[in-house]
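**Q** Below is one structure. I have some questions about it.
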Number of protein chains: 2
Amino acid sequence: MAQKPASSAQGNPTRTQNLAIWAANLKYADIPPHVVQKTKDFFLDWLGCTIAGRNHPAISAIARFAITMGPSNGKSELVDGALGFKTSPAFASLVNGASSHVVEQDDLHNRSIMHPATVVYPAALAVAQEIDATGEEFIAACVVGYEVGCRVGEYLGKSHYERFHTTATGGVIGVAAATAHLLKLDAEQTLSAIGTAGTQAAGLWQFLVDATHSKQVHTGKACFDGIFAAYSARDGLLGAADILEGSRAMGVALVPGTTKPEAIDQNLGSDWAVLGSSFKWHASCRHTHPSVDALLSLMEKNGVAFEDIESVVTRTYQAALNVLGLSGEGETVHQSKFSMGFVLAVAAKKGQAMITDFTEEDLKDLTLREFQRRVTMEYDAEIDSKFPQSWQGTVIVTTKSGQVFHETAEFAKGDPELPLTKEEIERKVHALATYGGFTNTSRVNDLIQRGWSLENETNLTGFVF
Amino acid sequence: MAQKPASSAQGNPTRTQNLAIWAANLKYADIPPHVVQKTKDFFLDWLGCTIAGRNHPAISAIARFAITMGPSNGKSELVDGALGFKTSPAFASLVNGASSHVVEQDDLHNRSIMHPATVVYPAALAVAQEIDATGEEFIAACVVGYEVGCRVGEYLGKSHYERFHTTATGGVIGVAAATAHLLKLDAEQTLSAIGTAGTQAAGLWQFLVDATHSKQVHTGKACFDGIFAAYSARDGLLGAADILEGSRAMGVALVPGTTKPEAIDQNLGSDWAVLGSSFKWHASCRHTHPSVDALLSLMEKNGVAFEDIESVVTRTYQAALNVLGLSGEGETVHQSKFSMGFVLAVAAKKGQAMITDFTEEDLKDLTLREFQRRVTMEYDAEIDSKFPQSWQGTVIVTTKSGQVFHETAEFAKGDPELPLTKEEIERKVHALATYGGFTNTSRVNDLIQRGWSLENETNLTGFVF
């Protein structure tokens, strides 16, 4: 080994080193069955998201880059079979990772405020295809990717998230760890991969201001960059050992507020990140979900119809106000999913906010636009104090007849406490494929069935629509 | 055009937009001859640095990644001919950009505290080879790359540099602009390229703490990522329009102190970044150079020998104290170039601090180690107030016989005010090639001669040792 382990002044391992040691040593057999099951659930959820996003212009541009700059004779596949080429893992994951973050339907790890699936699965799938890994090896690598990525995201915390897209900055480290696990790197090499990933961590929220395409760049590049980190670590490139807590590391440079150091390595092997992640049931920004759930519940409980509602006040946490305040009224379909007012209007009118409920026509629907203007957001200190451990929302509805109703959603549908059923996951995957313009239902069913028995697969080739 | 230009509330163009418009419209004919000449000077300087760095383990690992993940049938060349393959621009520049930042001999743009050559030339060269650009087109693109990259670096400023490797964070934007110019993108596409580059900006100093390999990752990846930004902008990917000054942009997220907004677009076309860049004459960290020059001058003027010196106090600016304080006594050759004490010891003993003057043997030289411990650094408020416009250094030498001498270097050798001659550049390129183990002197001479008439070249193929 070229690199000495990082250690504190007392010679004890650093937290990051503990994490690397754990990641390098995790075996499939160590993973409890319900963690394996949840990993498969999120894999299928991710697969659906990936095909759903394929027609976005950002994905066309990124695929064009992969074709121009990458090889066309690799073993790693694009989930969108219509693209018709196989390439190296770095490029396949670049495209798949970008595509899976288009429709805002990928999972969300609550405590870290990041979307692990959209970076962990595309990278691990592409690398697994390259090296002929088994289903068990793939699952173990994904569990590692979730664990490392989400722990880093939680360490970086809320103040980091106010400035950076944690899915990218924590995600690139999760990708590096997942890739390192597939490549069977030892703990020191894994630590190097984490270090090289962390010094590439990037991703700003500025794109929300003008509805540009960086969100997909962030996830695709997190895959590429994390794979770079792990492969180069295998080949002798040394990464900074203490990239999280060191004196010139991520905590110092990328976190304006406080970090949460204990998140890095406490309860490894008992508190699983996969179990702390949530499905997105609604198609809008996750910060709107508690309010959507509360509003739908309030309307059902009290027999309130769309037309009855005079105004809605949603009480929420600061991070939601920051993100949802950036997109204005929502000039594009994408932006509209970041407008609390528009999302609540859609949910109230249609009784749901699924991916097919946000269209160009809806943007021009004056009843939605008028409702939107009667929604206001308010900061709620108690709700904020619980975030991001708990993503709550309260809505206060005043009806045209002057009645006032309150409702609080303690959990959003899809949260760890309220997960989707197998049947709901299948419905969601089908809806996502339909949205992506893929109409071969039996092919979707085949892929779903393969996903349910992922641990029995001898290789990962063929997850292509 | 899919994207509307960013504009302020008054509808005026933003500074970043002004910069993009200027970059997109610059013609070779607009560039004054002395700017062209300096661009060629730095190109040759860069070429030498690239071959000098080729044997570093980080370069082997990064080249291995390029071979594994990239195509082997591209048109872009590796400066190190021994690697024996041609690939796509993104991968060729990844390797060349990493290699040119190994030996700490590449240029330094004083006001932005960044090294533009090590990112601009490898990217522009690789893209020029891919698209069969002429020497004139290449030079114009490099001038654009310097201008945009260094202006962003100066905008980000000193407090950014304390946390981030500006060569990477400003550099990726310079690469995007240079590539955009070669691809003949219009101003709006160039603005998109700048936006996508900026949201990928990364690079932390943590690697200095344990002498790991991130410095080369930063420059190689800045090339890759900037090329990605420009190619994807060409193909329709929209980047955030105001990635520098926007409410969720680089200034807010990556600058703990104050930015310098006017640096973005003032005096475009009259104050050329290429003319503000310095050659590195000594082989050590640039922050040691003013002190080395002052010490050598003091010793010569006063007839002081290495053995006569009891102690040295160097008075310097804060950024130097920050960077030079990280590497301890210098356990590796690379680290030793970041130790003010060791560098001054080498210079005092050998009368120079060239690339061949830092060896494994020197690390074990007890006379150097003993001298090193008698060097102290002190903060100098006046010198700090002038930095980074001016990189000054004062040394105070006390001799064993009790004499005290002072000397201040107002400029370092290689500064814009004290540039290298053509002959000195050629000597330096030969020395760098020798250091890189390339012994075919006539081949080096051929490449140098080609570099001197770069504007007459019909294509950029063949800059290979």
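Nothing in this text is a laboratory measurement; each read-out follows from the coordinates by a stated rule. Predicted model, so just to flag it, every value in this text is computed and none were measured. Quick reminder, even Gly has a Cβ in these numbers, built from the backbone with ideal geometry, and neighbours come from all protein chains shown.
**Q** Counting helices only, and only those DSSP H runs with n ≥ 4, report the 222 nm mean residue ellipticity of the protein assembly as shown as the sum of -39,500 (n - 2.57) divided by its residues, in deg cm²/dmol to the nearest 500.
**A** Calculated at 222 nm, the ellipticity per residue is -15500 deg cm²/dmol.
**Q** Additional query: List the distances, in nm to one decimal, from the label point of A:Thr367 to the label points of the same position in every other copy, shortest first, placing each label point 7 Å from Cα along the Cα-to-Cβ direction.
**A** 9.2
**Q** Using amide H atoms built 1.01 Å from N in the peptide plane, name the residues 5+ places from A:Leu204, or on other chains, whose amide H lies under 5 Å from its own.
**A** Here A:His165 satisfy the definition.
**Q** Related question: Can you tell me the 0 to 90 degree angle between the C-alpha axis of helix B:15-25 and the longest principal axis of chain B, rounded to 10?
**A** 70 degrees
**Q** Specify which residue in the list B:Gln389, B:Gln372, B:Ala201 is farthest towards the positive end of the charge dipole of the protein assembly as shown, using unit charges on the beta carbon of Lys, Arg (+1) and Asp, Glu (-1), about the Cα centre.
**A** Of B:Gln389, B:Gln372, B:Ala201, it is B:Ala201.
**Q** While we're here: What does the C-alpha gyration tensor say about the overall shape of the protein assembly as shown? Classify as rounded when a/c is under 1.5, otherwise prolate if a/b is larger than b/c, or oblate.
**A** Cα axes put the protein assembly as shown in the prolate bin.
**Q** Another question, if that's okay. State to the nearest 20 debye the size of the charge dipole of chain A about its Cα centre, where the only charges are +1 on K and R beta carbons and -1 on D and E beta carbons.
**A** Dipole size: approximately 640 debye.
**Q** Now for a different question. If each label sits 7 angstrom from Cα along the C-beta direction, how far apart, in nm, is B:Gly257 from its counterparts in the other copies?
**A** Those separations, rounded to one decimal, come out as 2.6 nm.
**Q** Next up: Determine the distance separating the Cα centre of segment A:34-74 from the Cα centre of segment B:321-347; give it in Å without decimals.
**A** 46 Å
**Q** Placing unit charges on C-beta atoms (Lys and Arg positive, Asp and Glu negative, everything else neutral), compute the dipole magnitude of segment B:286-409 about its Cα centre in debye, rounded to 20.
**A** Roughly 100 debye, rounded to the nearest 20.
**Q** Another one. Can you give the FRET efficiency to the nearest 0.05 for A:Ala381 and B:Val333, using r as the Cβ-Cβ distance and R₀ = 60 Å?
**A** FRET efficiency, A:Ala381 to B:Val333: 0.60.
**Q** Relative contact order, percent, of segment B:286-409 when contacts are C-alpha pairs under 8 Å separated by at least 6 residues?
**A** In percent, rounded to a whole number, it is 40.
**Q** For segment B:351-386, which trypsin sites (Lys or Arg not before Pro) pass both filters: DSSP loop (anything but H, G, I, E, B) and at most 10 other C-beta atoms within 10 Å?
**A** B:Lys364
**Q** Which is farthest toward the positive dipole end of segment A:389-465 among A:Ser453, A:Pro416, A:Tyr435, measuring Cα position about the Cα centre, with Cβ charges +1 (Lys, Arg) and -1 (Asp, Glu)?
**A** Checked the options; the winner is A:Tyr435.
**Q** Does segment A:1-112 classify as rounded, prolate or oblate by the C-alpha gyration tensor (a ≥ b ≥ c root eigenvalues; a/c under 1.5 gives rounded; else a/b over b/c gives prolate, otherwise oblate)?
**A** Prolate, since a/c reaches 1.5 and a/b exceeds b/c.
**Q** Let me ask you something else. Between A:Val375 and residues 5 or more places away or on another chain, which pairs have amide H atoms under 5 Å apart, with H built 1.01 Å from N, and which residues are they?
**A** Those qualifying (amide H under 5 Å, at least 5 residues apart or on another chain) are A:Val312.
**Q** In addition: I'd like the per residue volume of the convex hull spanned by the Cα atoms of chain A, given in cubic angstrom.
**A** Spread over its residues, the Cα hull of chain A gives 130 Å³ apiece.
**Q** Same structure, new question: Lysines within cross-link reach of A:Lys75: Cα-Cα under 28 Å, excluding same-chain residues under 8 positions apart?
**A** List returned: A:Lys27, A:Lys38, A:Lys40, A:Lys86, A:Lys184, A:Lys215, A:Lys221, B:Lys75, B:Lys86, B:Lys221.
**Q** Moving on. What is the dipole size for the protein assembly as shown, taken about its Cα centre, with +1 at each Lys and Arg Cβ and -1 at each Asp and Glu Cβ, in debye to the nearest 20?
**A** Value, rounded to 20: 460 debye.
**Q** Output the 0 to 90 degree angle, nearest 10, between the alpha-carbon long axis of helix B:171-182 and the longest principal axis computed from the alpha carbons of chain B.
**A** So the inclination is approximately 40 degrees.
**Q** Of A:Thr169, A:Gly269, A:Val313, which is farthest towards the positive pole of chain A's charge dipole, taken about the Cα centre with +1 and -1 on the beta-carbons of Lys, Arg and Asp, Glu respectively?
**A** So the residue furthest toward the plus end is A:Thr169.
**Q** Quick one: compute a quarter of the convex hull surface over the Cα atoms of segment B:286-409 and quote it in nm².
**A** Quarter of the Cα hull surface area: 6.9 nm².
**Q** Here's a follow-up. Put a dot 7 Å past each Cα toward the Cβ at B:Thr356 and A:Arg369; how far apart are the dots in nm?
**A** About 7.5 nm separates the two model spin labels.
**Q** Under 12 Å from the Cβ of B:Ile448, count the other residues' Cβ atoms, weight Lys and Arg +1, Asp and Glu -1, and hand me the total.
**A** After counting each charged neighbour, the total is +1.
**Q** Show which lysines lie in cross-link reach of A:Lys364 when reach means a straight Cα distance below 19 angstrom and same-chain residues fewer than eight apart are skipped.
**A** A:Lys337, A:Lys349, A:Lys350
**Q** Using θ = phi - 60° and the Karplus curve 6.51 cos²θ - 1.76 cosθ + 1.60, what whole-Hz ³J(HN,Hα) does each residue of segment B:121-132 get, with Gly and Pro shown as x?
**A** Here the 3J(HN,Hα) series is 5, x, 5, 5, 5, 5, 5, 4, 5, 5, 9, 6 Hz.
**Q** What are the ³J(HN,Hα) values, in whole Hz, obtained from phi via the Karplus relation 6.51 cos²θ - 1.76 cosθ + 1.60 with θ = phi - 60°, for each residue of segment A:393-410 in sequence order, with x given for Gly and Pro?
**A** Computed from phi, the couplings for segment A:393-410 are x, 10, 10, 10, 9, 10, 8, 5, 8, x, 6, 10, 10, 10, 8, 10, 9, 7 Hz.
**Q** Please list, by residue number, every one of the GluC sites (Glu not before Pro) in segment A:392-465 that is coil in DSSP and has at most 12 other beta-carbon atoms within 10 Å.
**A** A:Glu417
**Q** In nm to one decimal, list the spacings between the B:Thr441 label point and its equivalents in the other copies, with label points set 7 Å along Cα to Cβ, shortest first.
**A** 8.0
**Q** Can you list residues whose amide H is under 5 Å from A:Lys86's amide H, if they're 5+ apart or on another chain and H is modeled 1.01 Å from N?
**A** Here A:Gly74 satisfy the definition.
**Q** Let me make sure I get this right: for segment A:15-278, a, b and c are the square roots of the gyration tensor eigenvalues over alpha carbons, sorted descending. Under 1.5 in a/c it's rounded, otherwise prolate if a/b > b/c, else oblate. Which is it?
**A** Here segment A:15-278 falls in the rounded category.
**Q** At what distance in nm do the modelled label points of A:Lys184 and A:Glu300 sit from each other, each positioned 7 Å from its Cα along Cα→Cβ?
**A** Distance between the two pseudo-spin positions: 5.1 nm.
**Q** With everything on Cα atoms, drop me the angle between helix A:441-452 and the longest principal axis of chain A, reported from 0 to 90° to the nearest 10.
**A** Once rounded, one gets 60 degrees.
**Q** A further question on this structure: Treat each spin label as a single point 7 Å out from the Cα along the C-beta direction, and report the A:Ser270 to A:Asn73 distance in nm.
**A** Label at A:Ser270, label at A:Asn73, 5.3 nm between them.
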